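Written below as structure tokens is the structure these notes are about.
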Amino acid sequence: MNPELIVFIIFGAVSIIGAIAVISFRHPIYSALSLIVTFFSQAGLFVLLGAHFVAAVQVIVYAGAIMVLFLFVIMLLNLGTLSAKGALTGKLKGVAIILGILLAVEGVYIAVRALNKTEVGSAEAADAAAALKDSPIDTYRIGELLFSDYLLPFEVTSLILLAALIGVIVLVKRDKQPEN
Amino acid sequence: MSLPLEYYLVLSALLFTIGVIGVLIRRNAIIIFMCIELMLNAANLAFVAFSRHLGQAEGQLFVFFVMAVAAAEVAIGLAIIVSVFKHRETINVDEVNSLKG
Amino acid sequence: MEINILEQIVIPIIKMLFIVHLLVIGVMVMIWSERRVSGWIQDRLGPNRVGPQGLLQPIADGIKFLFKEDLIPNHVDKPLYVLAPAMLLIPAMIAVAVVPFGDTITIEGLDNPISLQIADINIGILYILAITSLGVYGVVIGAWASNNKYSLLGGLRSSAQMISYELTLGLAIIGVLMLSESLSLRVIAKEQGSYPWNWNFLIHFPAFLAFTTAMFAETNRLPFDLAEAEQELVAGYHTEYSSMKFAIFFMAEYMNMIVGSAVVVTLFLGGWHFFGLETMGGPIWSGVISFAIFFIKTGIFLFVFIWVRWTLPRFRYDQLMNFGWKFLLPVALTSIVVTGTLWVVVTENKLLWIGIGNTVAAFIVVSIVAGMLAMDNNSKAAAQDTSAAPLRGLEAIE
């Protein structure tokens with residue numbers, strides 16, 4: 001059996017189980033931990049795809065920073081007791097799940113069938129890609145692209161982060177005590 | 001021999017769907033938020049899979065932009081959740097409805 | 001594709017076993033030396049009864065931990081309570097995988113020289129950052145699962161502290177990465193060469209200090225041990241833990257220290273290099289000597305850990321945040337800007353000028369921040385003075 005397939009199945013299964021656990025656990029802390037598991041196995045998939053740098057950034061940004069923020073807020077608000085009535089019940093839930101399954105079928109159809117008819121999925125594109133395989137996508141190449149062709153998006157990203165920073169400070173800042 | 005693109009796309013579609021279902025059936029704002037992160041991640045997986053399929057680094061670059069935007073979004077979103085909780089003592093999205101027309 | 005069983009399977013397994021055991025034994029030695037050095041600093045003896053010089057004390061402690069009752073309180077969240085110590089220990093253990101602890105050993109009959117490192121991955125330093133950023137979960141989950149308000153306070157403090165100092169940790173090394181043009185720890189160590197004046201701690205002196213300080217904060221050691229401040233929070237996140245679970249928390253802290261020191265030595269102190277020594281002794285012994293040099297450097301740095309613990313008092317929480325965000329982060333950012341600018345502008349003696357520029361710029365930045373903070377404090381004090389005017393009237397009457 002293809003070793004890549006084995007690793008893919010392991011990481012894929014773990015990430016799907018983790019994702020299902022995120023939406024089924026009652027308690028937000030357990031959901032958050034399952035989400036971390038999913039992110040981690042996704043990092044594994046990125047390594048499998050040869051995107052080492054993205055995998056490391058995935059762990060640093062998602063598992064290391066974003067999820068810590070989630071945990072921090074869950075613990076700060078002590079949300080455990082609130083989540084008891086957290087889910088939809090009855091018919092609505094059934095409808096939601098049926099819609100979701102439809103969406104999944106649609107997504108799988110696009111991925112498996114329709115892709116072959118597009119330019120990206122065609123055999124020529126695969127051949128062209130095979131020609132490019134000799135130059136692997138390493139950190140050096142990503143950095144080169146990021147600071148030349150994609151410099152403007154990069155700078156815009158920094159502006160977005162700055163805006164978020166200021167927004168958060170404005171949102172959570174306590175009103176100043178009136179000065180006497 | 002590397003795996004065909006379809007495997008990763010199917011996985012990505014499944015993860016995305018689970019995120020959508022989560023947003024639909026859960027009413028806890030924090031969990032809805034986590035499901036949004038899950039959907040973004042599914043998109044990232046598709047990006048990286050395409051990046052390898054086409055041998056182009058751009059797919060990985062977009063993942064960085066998605067991550068940066070996701071980080072900003074989480075910071076703002078959690079701040080909103082905290083301030084909603086301060087005012088209303090709940091983060092159930094069905095109970096935060098005073099703007100309802 | 002032919003697989004060479006000896007080279008691709010047996011030798012890596014031997015390396016892994018060796019390093020993991022070295023780490024565990026290192027923890028025991030650290031516990032002993034922490035107590036002995038503490039005793040020496042405080043002018044007392046420390047443990048000296050079990051074995052020669054008390055060397056067997058950690059084993060006695062270990063036996064004591066093993067035979068203690070493993071208490072799981074009723075009010076805890078059981079799955080997470082049990083999981084938390086492992087979540088702290090495992091990141092500490094696997095982070096060491098990419099640290100190069102020596103040069104190569106060439107043995108006749110093998111095709112390739114054995115590199116003294118478990119895995120030389122091309123994103124080594126990012127791997128270290130990613131793995132150390134996971135350590136916070138053990139603390140936070142342990143604190144939350146204990147269902148104890150002091151523990152929870154400790155966990156909240158710890159998560160905020162770790163997120164804040166991780167930024168410095170990441171930014172401080174960017175100057176180093178710019179000069180080495182690689183993320184692989186082996187390449188970074190090699191680039192520095194044999195002579196101390198070429199090592200990164202002189203070229204990036206402010207970044208070195210910022211990185212080391214952030215490393216102290218990441219390991220939750222004094223003066224940054226607010227997560228477990230005994231006098232304020234009983235013992236913080238591990239208040240509810242007993243027996244081996246507590247011992248695992250303890251081990252993880254020491255392992256983090258050892259791995260942290262090894263990373264600092266690799267990034268800033270020249271790795272396994274020391275002039276003249278690592279080329280001595282032919283193909284086999286030079287590898288062993290380089291390992292010994294690395295070992296000694298790490299040991300010296302670990303001594304600094306203990307030394308600092310008994311020298312500096314604990315920060316107050318606001319001081320901790322101020323220090324991280326208003327001093328360390330600007331210093332790390334300055335180091336990036338100055339290193340990049342000087343690398344482009346200066347044409348000869350680049351390293352010398354970058355070293356000087358970094359130090360001067362960091363000094364200027366720190367003075368500016370300190371000046372602004374002092375002015376801020378003065379205006380606050382003045383505001384308090386006017387509001388406390390009636391009180392002063394009372395003083396005047398007296």
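The values are calculated or read from the model by the stated rules, or taken from the named source; none is laboratory data. Quick caveat: nothing in here was measured; it's all calculated off a predicted structure. FYI the Cβ positions are ideal-geometry reconstructions off the backbone, even for glycines, and counts take in every protein chain you see.
I need the full set of residues from the range C:132-143 which are assigned to a helix (DSSP H, G or I), under 15 Å from the mean Cα position of the chain (by Cα) and at the interface with chain A (Cβ under 8 Å from one of its Cβ atoms), in order please.
Of the residues in the range C:132-143, the ones assigned to a helix (DSSP H, G or I) are C:132, C:135-143.
Okay, now just the ones that are also under 15 Å from the mean Cα position of the chain (by Cα), so C:132, C:135-136.
Listed by number, the list holds a single entry, C:Val136.
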Mind checking whether some residue in the range C:325-339 is at pLDDT 85 or above, in a helix (DSSP H, G or I), more than 24 Å from the chain's Cα centre (by Cα) and more than 24 Å from C:Asn220 (Cβ to Cβ)?
yes
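Every residue, every condition in (1) at pLDDT 85 or above; (2) within 26 Å of C:Ile163 (Cα to Cα), yes or no:
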residue: C:Ser261; (1), (2): yes, yes
residue: C:Gly271; (1), (2): no, no
residue: C:Gly287; (1), (2): no, no
residue: C:Arg316; (1), (2): no, yes
residue: C:Val344; (1), (2): yes, no
residue: C:Trp353; (1), (2): no, no
Filtering the range C:65-81 for residues that are under 17 Å from A:Phe25 (Cβ atoms) and not in a loop (DSSP other than H, G, I, E, B) leaves a count of 4
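Confirm whether C:Lys149 is of a type in the set (Lys, Arg), closer than 22 Å to A:Phe53 by Cβ and surrounded by fewer than 19 Cβ atoms within 10 Å (Cβ to Cβ). Step through it out loud before you land on a result.
On the way: of a type in the set (Lys, Arg): yes; closer than 22 Å to A:Phe53 by Cβ: no; surrounded by fewer than 19 Cβ atoms within 10 Å (Cβ to Cβ): yes.
No: the conditions fail for C:Lys149.
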Can you tell me which residue within the range C:27-64, out of those that are in a helix (DSSP H, G or I) and of a type in the set (Lys, Arg), is farthest from C:Thr298 (Cα to Cα)?
C:Lys64
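So, in the range B:9-39, exactly how many residues are of a type in the set (Phe, Trp, Tyr) and more than 7 Å from chain A (Cβ to nearest Cβ)? Write out each step before concluding.
Residues of the range B:9-39 of a type in the set (Phe, Trp, Tyr): B:16, B:33.
Now drop any that are not more than 7 Å from chain A (Cβ to nearest Cβ), which leaves B:33.
The total comes to 1.
Do you know which residues across the range A:1-28 are under 17 Å from B:Ile91 (Cβ atoms), hydrophobic (A, V, I, L, M, F, W, C) and surrounded by fewer than 22 Cβ atoms within 10 Å (Cβ to Cβ)? Steps first, answer last, please.
Step one: filter the range A:1-28 for residues under 17 Å from B:Ile91 (Cβ atoms), giving A:22-23, A:25-28.
This time we only want the ones that are hydrophobic (A, V, I, L, M, F, W, C), so: A:22-23, A:25.
Result: A:Phe25, single match.
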Qualifying position, being modelled with pLDDT of 90 or more, of a type in the set (A, V, I, L, M, F, W, C), closer than 30 Å to C:Val76 by Cβ and in a helix (DSSP H, G or I), among A:Leu76, A:Leu35
A:Leu35
Matching residues in the range B:71-90 - criterion: being at the interface with another protein chain (Cβ under 7 Å from one of its Cβ atoms) and either in a helix (DSSP H, G or I) or in contact (Cβ under 8 Å) with a residue 24 or more places away in the chain (or both):
B:Ala71, B:Ala72, B:Val74, B:Ala75, B:Ile76, B:Leu78, B:Ala79, B:Ile80, B:Ile81, B:Val82, B:Ser83, B:Phe85
Going by the structure shown, is C:Ala119 within 26 Å of C:Ala189 (Cβ to Cβ) and under 21 Å from the mean Cα position of the chain (by Cα)?
yes
Hey, C:Val96 hits all of (1) over 28 Å from the mean Cα position of the chain (by Cα); (2) touching a residue at least 60 places away in the same chain (Cβ under 8 Å) but one; which does it fall short on?
(1)
Of the listed residues (B:Ala46, B:Ala42, B:Ala57), the one being of a type in the set (A, V, I, L, M) and either facing chain A (nearest Cβ under 7 Å) or over 14 Å from the mean Cα position of the chain (by Cα) (or both) is B:Ala57
Criterion: of a type in the set (A, V, I, L, M) and within 12 Å of chain A (Cβ to nearest Cβ) - qualifying residue of C:Leu156, C:Leu179, C:Leu171, C:Leu209
C:Leu156
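For (1) of a type in the set (S, T, N, Q); (2) within 21 Å of A:Asn78 (Cα to Cα); (3) in a helix (DSSP H, G or I); (4) touching a Ser or Thr at 6+ places or on another chain (Cβ under 9 Å), each residue gets a yes or a no:
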{"position": "A:Ile6", "(1), (2), (3), (4)": "no, no, yes, no"}
{"position": "A:Ile9", "(1), (2), (3), (4)": "no, no, yes, no"}
{"position": "A:Val14", "(1), (2), (3), (4)": "no, no, yes, yes"}
{"position": "A:Ala19", "(1), (2), (3), (4)": "no, no, yes, yes"}
{"position": "A:Ile23", "(1), (2), (3), (4)": "no, yes, yes, yes"}
{"position": "A:Arg26", "(1), (2), (3), (4)": "no, yes, no, yes"}
{"position": "A:Phe40", "(1), (2), (3), (4)": "no, no, yes, yes"}
{"position": "A:Phe46", "(1), (2), (3), (4)": "no, no, yes, no"}
{"position": "A:Ile66", "(1), (2), (3), (4)": "no, yes, yes, no"}
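Got a sec? Which of B:Leu54, B:Leu38 is surrounded by 19 or more Cβ atoms within 10 Å (Cβ to Cβ) and either out of contact with any Lys or Arg (no Cβ under 6 Å at 6 or more places or on another chain) or of a type in the set (Gly, Ala, Ser) (or both)? Working first, answer last.
Values: B:Leu54 fails: surrounded by 19 or more Cβ atoms within 10 Å (Cβ to Cβ).
One residue alone meets the criteria, B:Leu38.
Inspect the range C:332-348 for any residue being β-branched (Val, Ile, Thr), in contact with a Ser or Thr (Cβ under 9 Å, 6 or more places away or on another chain) and surrounded by 11 or more Cβ atoms within 10 Å (Cβ to Cβ) and give the result as yes or no. Walk me through it before giving the result.
The first filter runs over the range C:332-348 and keeps only residues β-branched (Val, Ile, Thr), leaving C:334, C:336-339, C:341, C:344-347.
Then drop every residue that is not in contact with a Ser or Thr (Cβ under 9 Å, 6 or more places away or on another chain), which leaves none.
No, the range C:332-348 contains no residue that is β-branched (Val, Ile, Thr), in contact with a Ser or Thr (Cβ under 9 Å, 6 or more places away or on another chain) and surrounded by 11 or more Cβ atoms within 10 Å (Cβ to Cβ).
Could you please let me know if C:Pro85 is touching a residue at least 12 places away in the same chain (Cβ under 8 Å), under 20 Å from the mean Cα position of the chain (by Cα) and farther than 15 Å from C:Ser184 by Cβ?
Details: touching a residue at least 12 places away in the same chain (Cβ under 8 Å): yes; under 20 Å from the mean Cα position of the chain (by Cα): yes; farther than 15 Å from C:Ser184 by Cβ: yes.
So C:Pro85 fits the description; yes.
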Tell me, yes or no, whether the range C:156-168 has at least one residue that is surrounded by 24 or more Cβ atoms within 10 Å (Cβ to Cβ), among the polar types (S, T, N, Q) and touching a Ser or Thr at 6+ places or on another chain (Cβ under 7 Å).
no
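Can you pull out every residue in the range C:119-131 that is of a type outside the set (A, V, I, L, M) and more than 7 Å from chain A (Cβ to nearest Cβ)? Step through it out loud before you land on a result.
Filtering the range C:119-131 for residues of a type outside the set (A, V, I, L, M) gives C:120, C:122, C:124, C:127.
If the condition is that a residue be of a type outside the set (A, V, I, L, M) and more than 7 Å from chain A (Cβ to nearest Cβ), then C:Asp120, C:Gly124 are the ones that fit.
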Only one of (1) over 18 Å from B:Val20 (Cβ atoms); (2) modelled with pLDDT of 85 or more; (3) within 7 Å of another protein chain (Cβ to nearest Cβ) does not apply to A:Ala55, and that is (3)
